[in-house]
Amino acid sequence: MVVKLYSFNTLDSVHANIKKKICILGGQENYKDEFQKRMSSNCLPIENKENIGVNISKIEYFHKSNKFEFLLWNIDCSQNRAFLRTTFYSGANTLIIFISDTKVGQILQYFEEIHAVLPEASLIFCIILEGRTKKEIMNIDFNTEIYRNFVYENYVETFEISDSNDLFDQISAIYLKKITNKEVEQENIINFIRIDSLFGHSVITDDCNDYYEPENEKIEQKQLANTELLNEFIQNLELDIEYESVNWIKIPNKQFGTFRIYIKNGNVYYTPKICEKCKDEKCPKLKNAPYFICIEAGEASGWTNIKGFNLIELLILTKIIALEGGNENNLPDSVLVQINNINTCEKKK
């Protein structure tokens, strides 16, 4: 699943309809299932999770006059499904991880796993308080050097929330901030919530599973670019580009329109010329711009004599140079096919 970046224009907070994918993880399967059923307006039979390792539902949520449509992917984290779960992460901007107050150490385990696959995803850990208090956990479990370093290095914030609405308010606010700031920075949050606040007085019991690590060969390691070094090198090149913000580069192309690259991960977004000239504000094609363009590295590992440059920095630099002067004759066929598909309405005129 590919997640599109929403328009860089000012967000119309009255009419915004934002669709996002959220994954829910953790070893408390009964709690996750009950949470999904309580929060969802639409939910597939829970047997799907038992059969294929995930169950999907839809949550309609309003935050500051913005309507959000969250697709909630409830992923089975039991031992017999551990090899499969990372395949369901693709396209998720936020992951909720239910953590038992008896197994707080799983925070670091899930963080390392998810960060290797989705380094930019926002992680929201929900410690469910049943037999312990927030104060006890903070004084004992978090009062260690490893946790203090984890909190400091990853800018972790902690909150005490009273119900599930607080959780989705956090998620909605994160998305709105990303749209407003044109950035997709990772946020890491640890929430403390009492079990009766989460489910009321319903009698639901669940013994937390241990953490089961996915098979190493199933995890494709992803990394963020060295943006400081990359920016320094880009600014020494005489290219017809401009910075929209620290991490966003705007690349005008005479033939196709405008490309934008998020240099932390190399994602490319494209606004066709037909959309730039269009004056119909109700046009669905214009509303969906900019469009995500998939440009991937080939099998070659590449080479460089620039100290600190690896494959990801080289790929981003190549994208900038190629798109700045790209045309029908020199861009890869896979890229041209995507561009031409986006420009289909021009051929119909």
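What follows is calculated from the coordinates using simple rules that are stated; it is not laboratory data. Only a predicted model underlies this, so the values are computations on that prediction, with no experimental measurement involved. Because the Cβ atoms are built from the backbone with ideal geometry, glycine has one as well, and the counts that use them run over all protein chains shown.
Figures for the structure shown
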{"read-out": "Rough spin-label spacing in nm, given labels placed 7 Å along Cα→Cβ, for N288 and E112", "value": "4.2 nm"}
{"read-out": "Rough spin-label spacing in nm, given labels placed 7 Å along Cα→Cβ, for V151 and I195", "value": "2.5 nm"}
{"read-out": "Fully extended contour minus Cα-Cα distance, from E232 to K277, at 0.36 nm per residue", "value": "12.9 nm"}
{"read-out": "Computed label-point distance, nm, for sites N30 and K64 using a 7 Å Cα→Cβ extension", "value": "3.9 nm"}
{"read-out": "Rel. contact order, % - alpha carbon contacts under 8 angstrom, at least six apart, segment 17-218", "value": "26 percent"}
